[in-house]
1. With the requirement that a residue be in contact (Cβ under 8 Å) with a residue 24 or more places away in the chain, farther than 19 Å from Asp59 by Cβ and of a type outside the set (A, V, I, L, M), what does the range 28-48 give you?
2. Could you give every pair whose Cβ atoms fall below 6 Å, whose first residue belongs to the range 63-82 and is in contact (Cβ under 8 Å) with a residue 12 or more places away in the chain and over 10 Å from Tyr42 (Cα atoms), and whose second residue is part of a helix (DSSP H, G or I) and charged (D, E, K, R), counting only separations of at least 6 or pairs across chains?
3. How many residues are exposed (fewer than 10 other Cβ atoms within 10 Å of the Cβ) and either aromatic (Phe, Trp, Tyr) or in contact with a Ser or Thr (Cβ under 7 Å, 6 or more places away or on another chain) (or both) if we restrict to the range 5-56?
4. Name the single residue, out of those in the range 48-85 being assigned to a loop (DSSP other than H, G, I, E, B) and either basic (Lys, Arg) or closer than 10 Å to Met38 by Cα (or both), that is modelled with the highest pLDDT.
Amino acid sequence: MEPIKFKKLEIKQEGNRFKRMVKAAYFKRTMLYCCLGMLVAYALFYFGQEGSDIVFWNDKAAENVFIGLGFGVFLSTSPCARGRCS
């Protein structure tokens with residue numbers, strides 16, 4: 001009967017969890033979609049204003065930016081974005 005041979009287990013440091021998350025492609029894509037959603041929403045707010053007095057920021061602008069942020073999160077985390085559509 002042969003003796004049992006064991007392989008040496010090598011453990012390496014994984015690093016900080018925050019750094020791993022920021023380096024992930026999924027996180028980068030999500031941040032890109034969020035930024036694009038916010039920019040498009042703000043552009044629609046800014047160019048959709050009527051009248052002579054142009055407002056750069058108000059409550060309606062903030063609402064539009066948060067809606068754009070929500071669309072960005074939805075587009076990057078939906079099942080179809082991850083290739084899991086049925």
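The values are calculated or read from the model by the stated rules, or taken from the named source; none is laboratory data. Because the structure is a prediction, the values reported are computed rather than measured. Ideal geometry is used to build each Cβ from the backbone, glycine not excepted, and the neighbour counts take in all protein chains shown.
1. Within the range 28-48, Arg29, Thr30, Tyr33, Cys34, Cys35 meet the criteria.
2. Here the result reads Ser76/Arg29, each pair linking the range 63-82 to a residue that is part of a helix (DSSP H, G or I) and charged (D, E, K, R).
3. Here the count works out to 4.
4. Per the criteria, the residue is Arg84.
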